[in-house]
Structures are given as C-alpha cells and as structure tokens.
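Novice: Below: one structure in structure tokens.
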Amino acid sequence: MNPASAGFSYAVLFHPLYDEIEGNIMHRAIILTGAAGHPGSTILRQLIHTDCTIRPLLYGSEAAPVQDERIHYYHGDVSDPASLQTLFADLPAEPVYIIHTAAVISIQKHITDIMYRTNVEGVRNMLSLSMSHHITRFIHVSSVHAMPELPMGIMQSEIRTFDPDRVIGGYDFTNVRNVADGCIKAMDSAQRWETYILSGHYMKIYDFLCTAGQNADRKLVPALPKAAAELGLPFVTAYCHLRHIRPLYTGCSLHTISSNAMFSHMKAERELGYHFRDIHESIRDMTAYIMDQMDTVS
C-alpha cells in the first residue's frame, strides 16, 4: 500500500526556463529532489507509470523509496552545488524537467541554519544549475506556509511574489497523492511563471482525530482547549529540552492550527485539471497505512 496522507496543502511555482515546447511530451527526463520525502516519494511512485527516465536525488544515507529499472538514484545536498554535479552530468538530449521538493520542515518558530541553507540557498542552487544546463522546466513545490497569512475568514489564493519576512502560517488538509498528481500535470499544463495552490478540504483537528479514531477502532482521548495547551507550553518545552526530544507541540504549531486555513484551489482545478480526494477517504487510507506499519513493526 502506498502511504496516503491528509496533511498540509502545498503551493507549486512553475518556472519556464526556456522556450515552451509544443504539445505534451511523453519522452522526457525528470530530476526529482527530495525523493525520499513524503511528497517526493509519492511523486516518484506516480512517475514510474509514465514514459520517462527519472533521476531522483537522495540526501545523505536516505534509502531508495522505490525500485525500478528506469530509476537511477543520486546522492547529494541541494545546499552544496559541488555535490550536485553528478546529478546534472551527461543529461540526455530529450527535454529535462525538474520537480524540486527538497525542504526542511520544522514546527519551531526560529529558522535554523539547515532550514535556511536548504529552503533558500538550496532553491537558488537548483535554479542556477538549471539555467546553466538548459533545463526545460522547473517546478518548485513548497508548503502554503511560504505565503503570507491573510485575516481569518478571507479566502487565500495564489500570489506572484514571496517575501520571507511576511510569512506567518496557514494550513488545510489534502492528500499527498493529489499533490503528486498536480505536480505531474503542471509539467505540461502550467502557465509561465504561475503559482498554483494544491489545497484540499478544511477540517477541524478534533473532527480529523475523531474520524481517524473511528477508522482505527480506537477510543479518542479527551481534547483540551487551546488555552490549556498554551498554559502548558513552557513546561512541555522545558521537559523536552531536558530529555533532548522533539516537543509534541510548540507555539508555532498552536498558531498554525488556529490560523486562517481557507485556501482556494480553483486556479489549479481550472488550469491543471487538479482535483482532490474526499477527506474521509484520505483519512481512511492514512489510518490503514499507519495500522499496517504498526502491525509490521510488532
């Protein structure tokens, strides 16, 4: 079973680096960064059913998520251009596309050095290499957290420019398979220099957990109000710091689940043919996958 997830929505920015090519192209080469990550591995699983050659990039000692004769894995770090030379070496004569999903995600409020090097300098490095190697198209996948948050009640749609100083947060639930399908469709259908929100369905956290609990046949633990979580935040932070473990929640994550989560995917639906699965189907698939993994471990 492929892992399915009801998770945060994504924004896709399409860069046409060189002239548009007439019609849909079946034979192409695709460089996929972040291939072991959640969106990257799902995109990879869908790409193996297309007529293309694939160059997935793994970071460090990451294991290959998929085995297929058309796939040749490369190892490198997007923040280190020297480590990417083999990825771009001996590119085929056919059009080459890049789907860039490599990123570092954190629920901490502060931006760490590795986050900046990966999420900012890494994108810059990939774009620079793409230009110098005449890559046909560059598709950058990011979270909707890269967009400035609008006030509650206002539907949020695509933006044309990104300012890191204005980023606060935002979320809704979507299925990562929807995101993968939207990224693949963007290779042929995206317009020049456009951004597309691949969002899904708004759902309250409590309702999400109730639905997951019903699918797993598990009793749901009592839910505490946000105020109680905020009250306990200093103690949770101190405890996790002493134990050297990742905190269950942070001030940033509490802000996220209470921020404006209204995102429109109408543009992606209209221009890419994007669609999303029913949220209950996504939660059912996600729960079944998690239960299956738990049975495998035990």
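The values are calculated or read from the model by the stated rules, or taken from the named source; none is laboratory data. Just so it is clear, the model here is predicted, and its values are computed rather than measured. Note: ideal-geometry Cβ built from the backbone for every residue, glycine included; neighbour counts use all protein chains shown.
Novice: Please enumerate the residues belonging to segment 231-254 that are free of Cβ contacts under 8 Å to residues at least 24 places away in the same chain and in contact with a Leu (Cβ under 7 Å, 6 or more places away or on another chain).
Specialist: Selection gives Val236 alone.
Novice: Within segment 57-71, which residues are surrounded by 11 or more Cβ atoms within 10 Å (Cβ to Cβ) and either of a type in the set (Ser, Thr, Tyr) or more than 8 Å from Ala36 (Cβ to Cβ) (or both)? So that I can check it myself, show each step before the final result.
Specialist: Within segment 57-71, the first condition is being surrounded by 11 or more Cβ atoms within 10 Å (Cβ to Cβ), and the residues that meet it are 57-59, 62, 64-66, 68, 70-71.
Within segment 57-71, Leu57, Tyr59, Val66, Asp68, Arg70, Ile71 meet the criteria.
Novice: Just a yes or no: is a residue in segment 102-114 in contact with a Phe, Trp or Tyr (Cβ under 9 Å, 6 or more places away or on another chain), closer than 30 Å to Gly273 by Cβ, at pLDDT 85 or above and surrounded by 21 or more Cβ atoms within 10 Å (Cβ to Cβ)?
Specialist: Yes: one or more hits.
Novice: Only one of (1) at pLDDT below 95; (2) farther than 30 Å from Ile257 by Cα; (3) not in a loop (DSSP other than H, G, I, E, B) is not met by Asn125, so which one is it?
Specialist: With (1) at pLDDT below 95; (2) farther than 30 Å from Ile257 by Cα; (3) not in a loop (DSSP other than H, G, I, E, B) applied to Asn125, the lone miss is (1).
Novice: Another one. Restricting attention to segment 267-298, which residues are within 26 Å of Glu158 (Cβ to Cβ), touching a strand residue (DSSP E or B) at 6+ places or on another chain (Cβ under 9 Å) and not charged (D, E, K, R)?
Specialist: Ala268, Leu272, Tyr274, Phe276, Ile279, Ser282
Novice: Which residue out of Ser106, Ser130, Ser83 is of a type in the set (S, T, N, Q), under 21 Å from Pro39 (Cβ atoms) and assigned to a helix (DSSP H, G or I)? So that I can check it myself, show each step before the final result.
Specialist: Values: Ser106 fails: assigned to a helix (DSSP H, G or I); Ser83 fails: under 21 Å from Pro39 (Cβ atoms).
Being of a type in the set (S, T, N, Q), under 21 Å from Pro39 (Cβ atoms) and assigned to a helix (DSSP H, G or I) holds for just one of Ser106, Ser130, Ser83, which is Ser130.
Novice: Still on this structure: Of the residues Thr118, Thr136, which is within 19 Å of the chain's Cα centre (by Cα), touching a residue at least 40 places away in the same chain (Cβ under 8 Å) and surrounded by 17 or more Cβ atoms within 10 Å (Cβ to Cβ)?
Specialist: Working: Thr136 fails: within 19 Å of the chain's Cα centre (by Cα).
Residue meeting the stated conditions: Thr118.
Novice: Here is a list of conditions, (1) crowded, with 16+ Cβ neighbours inside 10 Å; (2) touching a residue at least 60 places away in the same chain (Cβ under 8 Å), and Asp292 meets all of them except one; can you say which number that is?
Specialist: With respect to (1) crowded, with 16+ Cβ neighbours inside 10 Å; (2) touching a residue at least 60 places away in the same chain (Cβ under 8 Å), Asp292 is out only on (1).
Novice: Restricting to segment 142-180, what's the tally of residues that are in a loop (DSSP other than H, G, I, E, B), at pLDDT below 70 and under 11 Å from Ser259 (Cβ atoms)?
Specialist: Within segment 142-180, the subset in a loop (DSSP other than H, G, I, E, B) is 147, 149-155, 157-163, 168-172.
Applying the additional criterion that residues be at pLDDT below 70 yields 160-163, 168-172.
Next, only the ones that are under 11 Å from Ser259 (Cβ atoms) stay: 168-172.
Total satisfying the criteria: 5.
Novice: Look through Ile135, Ile139 and report the one residue that is in contact with a Cys (Cβ under 9 Å, 6 or more places away or on another chain) and at pLDDT 90 or above. Spell out the reasoning first.
Specialist: Numbers: Ile135 fails: in contact with a Cys (Cβ under 9 Å, 6 or more places away or on another chain).
Exactly one residue qualifies, and that residue is Ile139.
Novice: Search segment 202-212 for residues being among the hydroxyl-bearing types (Ser, Thr, Tyr) and assigned to a helix (DSSP H, G or I), and hand back the single one that is farthest from Asp292 (Cα to Cα).
Specialist: Tyr206
Novice: Quick check, is Val96 at pLDDT below 95 and surrounded by 14 or more Cβ atoms within 10 Å (Cβ to Cβ)?
Specialist: Details: at pLDDT below 95: yes; surrounded by 14 or more Cβ atoms within 10 Å (Cβ to Cβ): yes.
It is true that Val96 is at pLDDT below 95 and surrounded by 14 or more Cβ atoms within 10 Å (Cβ to Cβ).
Novice: Determine, yes or no, whether Ile98 is in contact with a helix residue (DSSP H, G or I) (Cβ under 9 Å, 6 or more places away or on another chain), of a type in the set (A, V, I, L, M) and part of a loop (DSSP other than H, G, I, E, B).
Specialist: Values: in contact with a helix residue (DSSP H, G or I) (Cβ under 9 Å, 6 or more places away or on another chain): yes; of a type in the set (A, V, I, L, M): yes; part of a loop (DSSP other than H, G, I, E, B): no.
No.
Novice: Continuing with this model, one more query. In this structure, does Asp90 turn out to be in a loop (DSSP other than H, G, I, E, B), at positive phi and acidic (Asp, Glu)? First the steps, then the outcome.
Specialist: On the way: in a loop (DSSP other than H, G, I, E, B): yes; at positive phi: yes; acidic (Asp, Glu): yes.
In short, yes.
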